[in-house]
Each structure stands twice: as C-alpha cells, then as structure tokens.
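Note sheet for the following structure.
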Amino acid sequence: MQPLLNPKSDIQIDLNQVRLDILNGIRECNDRGLTQTVKWLAELNYALKDHKIDHIPCTSYNDDILLDERESYVLAKSYFDCQEYDRAAHFIENCTSSKCVFLYRYSQYMSSEKKRLDNATDIGPDNAESTQVLLDLLSFFKANHNSLDGYLLYLEGVVLKKLDLRSQAVSVLQASVAAAPTLWAAWVELAGLANEYEALDSLQLPKHWMMYFFAAHAFVELKLSEQALEAYMVLANAGFDKSTYVTAQMAIAHHDRRDVDSSLALFGELYQNDPYRLDNWDVYSHLLYLKEKRMELAKLAQKAVSIDKYRVETCCVIGNYYSLRSEHQKAVVYFQRALSLDPQYLSAWILMGHEFIELQNSNAAIQCYRQAIDVNRNDYRAWNGLGQAYEILGLNGYCIYYYSRAAQLKPDDSRMLVSLGEAYEKMDKIPNALKCYYKAHSTGDIEGMALFKLAKLYEKSNMPNSAAAAYTAACQDPANAGSKELPAAQRYLAQYYLRFSLLDHAAHYAYKCLEHDSTKEAGKNILKAISEKRLAASSSQPANLPDDLPDAIKNISTASVTQDTPKTPFTSPNVTPDNFSTPMLTRKNGKYKM
C-alpha cells in the first residue's frame, strides 16, 4: 500500500494482463449475479478497447458447475436476474458447486434486504426477521470457514458490516480481495470501513493493479482530495485516461477541494461523451446549484427524468433544483423519494437535513444527519450539519462536540473552525475561541470572517493592541475588500491610532470611513478631532510610540499610509487551548457555499 500513499511518480501496469483479468472478472461476477461489479469492470474494459490483446480466453460457467446441477443453476440465475430471490434460492438449495452455493446464499441475503426495505415504512428500521437471516448466514460462514472462496468471503464481510462487526469485516474483506482481486464490490466495502488515513495504510492488500483503484477511491471517501487527484492522474497516465469512472472520480475530488470550475468542466466532458450516464449526477447538480445556474440545472433534471425517473440520482437532481428555487418542501419530498429507493444513499440524507434547516425544523434535520453518520461516519458534512442544528437549538455544548468532529475530518476547511470558535465564545471559553479563529485564518479563511471575529473577541476581551493587529491584517487582505465587516474595522483603527496620536494613520482610516454610510459620521468626527490635535500641537516632532504597542502596529507606523501598505504578518494569539495546533498552509481565496 505504501507506494500509493505518496503517488508522485508514474506506475507500470501491464494493460494486456489487465484486460485478461477484467474479462475473467466479468465472467465470474456475472455468473454470480454481482451486477454492479460487472458494470464497473465492463466500463473499464471499454476504456481499454484500443489496447488489443492477442488471445481472449473462451470459457463458460459450465466448466465450474457439476453436470447434474447446470439446469438448476441456469433456472435459478434467471430468477435472480428478475429479482425473484426466494424462488432462485429454492431451486439451488441442495447444489454444491461453488457458484451455486454463492448464488444460493446471495439470494438469501438479497431477499432479506428487499423485505427489510419493503417493510421499513410499516415496522420501522428494526426487522427481527432480517437480522435472523444475517445471523444464519454468519453461522454458515463460520461452519465452512476453511472452504470459502473470495466471493463467499465478500458476502461474509458484507454480513459482518451489517451486524456492525467492523474489525472482523475488515479482516474478512482483506482475505476476499486477496482471493478475488477483480471483485470491485469487496474493495468498495473495504474502503468504507477505513476510518482514517493511518487505517488505510495499515491494510494488508494484494500486489495487484486493482489496489491502485482502491487507494484512489479510498482517498475520495476520506475527503483526501489532493491525494485522490494525484492517484487518479497516475492511473490516467498508466492508460486509463479514457475511463469515465476515472474522470468522474476526479470531478468529485475537485468538488471536495472546492474547485467548482474544474469539477464542472470534467462533468461537462462526461455529459458530452456519455449523456445517459446518471452516476454522480447528484454531485453535478450540486455544482450547478452552487453556481446558481438555474437553467442548466432545470435541463439536467429534465434529462434525468427522461432517462430514469426512479433513480436516486434523478430524485437528488430534482431536489437540488427545487432547493435552488427556495421550494424547500418540494425538495424534501424528492430527497425522501430517493431514500425510499435507497436508504443508504448518503447525499440524500445530508441534503434533506439541509432542507429541514431551511424550514427551521431542527429536530427533523438532526435525525437526517444522524442517519447520514450511520451510513458513513467519515463524512464531515453530517457532523457539521449536526453542529448547525444544535446551534439553532442553543445547545452550545453539543455544538462544540460536533463541530470538533467535523474539523478533525476536514482540517483544511475554515468554516467548521469558525463555527467551533463561535460555540466556544458563547460558552465564554475565550482562549479556545481565539485559537479556533486564528487556526481558521491560517488554513485559508474561506468566508473571510476569521480575522474579524478574532479582532472583535480581542476587543470584547479588552485587548486593544491585539484587536488592532487583527483588524490591520484583515484590512490589508485584498480578499476582504468587499466585506461588510470592513467599515467597522476601519473605524476601530482610526479611533485606535487617534488615541495614540498617530494622526496620519488615524486620518488614513478616517477617510476610509467616509466611503461607507454606516461609518461616515464617525469618520467626520475623527477627522475633526485630528484637526484639533494638529492645531494644538506645539511642535512638528513625531510623537514617541508607546512601549506597549504590538510589533504589527509599530511596523505599520513607519510606512506611509498614502501608499499601499505591505501586508503585515499576523502572529498567533498567546494561548494554548484544548488540543489545537496551527498548521501554516497555503491560503485559499476561493469562495464556496456549503
């Protein structure tokens, strides 16, 4: 795994062997009814169609099935494909061939899941019958532990995950991908169980080309966008540049790193090349929502309905369209429809939670976000949503916990840090709040609020020098040129410099105050006071700077305020609250809505 955790160089993949593995994987998975893996492998195979291979092995499922069981298998497989799972299981219950055993057990599992989903509305999420089926399957796996192939190990891993036996599921799924490396469904389940970067690094994985796809997918799941982009660029350079899956995953990674334009460009390319591909259209519609492109989003919704109106992606696209139109109740209806089709659909839970926040129904929003966490504990959006919901309810202690979890999962996003600082401030934990605001500024303040909130908190705490330093740094940042907080900051600095008789600097900020209606009168009064001080001055010698002025202010005092003032480094507050560090990362100036 180690080579992929730092994918800085190209990798060498034998595309001839890849195509042979894919064709074998398609046959094996198709025989077992694993349709999603067949679809994924077939798309990858199509992306490599220009790479010709000399010999294509021609084998049939008959080679792996006993002669007297072939007719039963063909019948059961046809019933399975028609979603008649109990019927399929009935006709191969006594078969012993490996494919028949898998299809029998998989039919039992799929029947149980289908009944659980069908009955969820009537009897709630707890279904004793479904749980009993899972326990019976687990008993079979334990009794036949030494004879399980990679596909049955995958099914055992899925059952263990359903029963919330996560550590055992990880061990079993590692054995599954080692025995059947082209079983993409097992890799996906394994990625969903990797809680963090270190856990991903500790997995024991086979030395197979599928490992590269797994690592890139896991990076996307963990919101490690930079590593994901590097990994997919490596795969593209290795020969998978025409894969729609790779392009879509790169678009999602750009979305996660708030590069909306790049993500939209990739989705636009996908739409042109494969206009009937509904996969990931929920993300595409969210990007159009962020850019407020109502017409494009309406056309996307119409296209999705014309393709398949009962796909979860279609419901999410329509829901985002109604949300953009501020018709939040209609949006909730479509997100609920998506969840009735797939209760494990993470995006629908989170988006429905956002809609309930807009409808001021915090309790319903909390339930949605909790369901999202049950689906994927590594998605920061659900934790952040819970923080917002409890903030509306005034429960700041809960806010601190949930915002902290969100900040741990997304350490380069300042929005959670600012929200966490606000929660600390409301609970009068001033050192913690100061540290949160400073860390938000250091990591690249997305909304341009961290320095202003830091300065206000210094001002509120009767620390005028620190407040002036923070306000100065905020005023010097070009990204804050249109901020609504700027006039108050300029007024504070004008009054601050007037207090220390630094009249040129006070006049500079006083004239800035005249540019805003809210501070115009204050600016006139300050300029009047400056004129009186200058008339009363007995000499033209410059005033000595007070000893307690911070370095940031002293540095500015020597520069001419009539010229562009160089940006002054802003030092960290001298506090060390609970478990916070201050990483110095590249500042990001792009604006991005949640």
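The values are calculated or read from the model by the stated rules, or taken from the named source; none is laboratory data. Please read these numbers as outputs of a predicted model, since none were measured by experiment. Counting neighbours? That spans all protein chains shown, and the Cβs are built from the backbone with ideal geometry, glycine included. The protein model used for the area step is the full one, side chains on, heavy atoms only, and it has no ligands, DNA or RNA in it. Shrake-Rupley method; radii C 1.70, N 1.55, O 1.52, S 1.80 Å.
Could you run through region 341-362 and say how many residues are open to solvent by 50 Å² or more (accessible area, probe 1.4 Å) and touching a residue at least 12 places away in the same chain (Cβ under 8 Å)? The number of residues fulfilling the criteria is 6. Here Gly444 fulfils each of the conditions (1) outside any loop (DSSP other than H, G, I, E, B); (2) open to solvent by less than 10 Å² (accessible area, probe 1.4 Å); (3) farther than 17 Å from Glu485 by Cα; (4) not hydroxyl-bearing (Ser, Thr, Tyr) apart from (1). Among the conditions (1) free of Cβ contacts under 8 Å to residues at least 24 places away in the same chain; (2) open to solvent by less than 70 Å² (accessible area, probe 1.4 Å), the only one that Gln336 does not satisfy is (2). A single member of Ala406, Ala423 is within 30 Å of Ala191 (Cα to Cα) and either of a type outside the set (Phe, Trp, Tyr) or modelled with pLDDT under 90 (or both), and it is Ala406. Mind listing whichever residues of region 244-262 are touching a helix residue (DSSP H, G or I) at 6+ places or on another chain (Cβ under 7 Å) and either surrounded by fewer than 16 Cβ atoms within 10 Å (Cβ to Cβ) or more than 24 Å from Tyr345 (Cα to Cα) (or both)? Hit for region 244-262 is Ser262, nothing else. Scanning region 501-526 for residues that are of a type in the set (A, V, I, L, M, F, W, C) and surrounded by fewer than 19 Cβ atoms within 10 Å (Cβ to Cβ) gives a single hit, Leu514. Select from region 365-414 the residues that are farther than 22 Å from Asp445 by Cβ and aromatic (Phe, Trp, Tyr) and write down the one among them that is least open to solvent (accessible area, probe 1.4 Å). Looking at the filtered set, the residue picked out is Tyr369. Mind listing whichever residues of region 301-339 are among the basic types (Lys, Arg) and under 18 Å from Ala364 (Cα atoms)? If the condition is that a residue be among the basic types (Lys, Arg) and under 18 Å from Ala364 (Cα atoms), then Lys330, Arg337 are the ones that fit.
Looking at region 263-289 only, could you name the residues that are surrounded by 15 or more Cβ atoms within 10 Å (Cβ to Cβ) and over 21 Å from Tyr345 (Cα atoms)? Across region 263-289, the qualifying residues are Ser263, Leu264, Leu266, Leu270, Tyr271.
Matching residues to (1) at pLDDT 95 or above; (2) closer than 20 Å to Leu34 by Cα; (3) among the hydroxyl-bearing types (Ser, Thr, Tyr):
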{"position": "Gly124", "(1), (2), (3)": "no, no, no"}
{"position": "Asn127", "(1), (2), (3)": "no, no, no"}
{"position": "Thr131", "(1), (2), (3)": "no, no, yes"}
{"position": "Asn144", "(1), (2), (3)": "no, no, no"}
{"position": "Leu160", "(1), (2), (3)": "no, yes, no"}
{"position": "Leu205", "(1), (2), (3)": "no, no, no"}
{"position": "Trp209", "(1), (2), (3)": "no, no, no"}
{"position": "His217", "(1), (2), (3)": "no, yes, no"}
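Within region 70-96, the set of residues being open to solvent by less than 20 Å² (accessible area, probe 1.4 Å) and either in a helix (DSSP H, G or I) or at pLDDT below 90 (or both) comprises Tyr73, Ala76, Phe80, Ala88, Ala89. A single member of Leu393, Leu417, Leu386 is closer than 17 Å to Ile350 by Cα, in contact (Cβ under 8 Å) with a residue 12 or more places away in the chain and not β-branched (Val, Ile, Thr), and it is Leu386. Residue by residue through region 146-166, note down the ones that are among the acidic types (Asp, Glu) and open to solvent by less than 20 Å² (accessible area, probe 1.4 Å). Within region 146-166, just Glu156 meets the criteria. Screening Ser176 with (1) over 21 Å from Ile26 (Cα atoms); (2) among the polar types (S, T, N, Q); (3) surrounded by 15 or more Cβ atoms within 10 Å (Cβ to Cβ) gives one miss only, at (1). From the list Ser306, Ser326, the lone residue that is part of a loop (DSSP other than H, G, I, E, B) and farther than 24 Å from Arg116 by Cβ is Ser326. Taken as a whole, region 449-460 holds no residue that is farther than 17 Å from Tyr424 by Cβ, modelled with pLDDT of 85 or more and surrounded by fewer than 24 Cβ atoms within 10 Å (Cβ to Cβ). Put simply, of Ala469, Ala433 the only residue that is in contact with a Pro (Cβ under 7 Å, 6 or more places away or on another chain) and either small (Gly, Ala, Ser) or assigned to a helix (DSSP H, G or I) (or both) is Ala469.
Listed conditions (1) surrounded by fewer than 23 Cβ atoms within 10 Å (Cβ to Cβ); (2) among the polar types (S, T, N, Q); (3) touching a residue at least 40 places away in the same chain (Cβ under 8 Å) are all met by Thr472, apart from (1).
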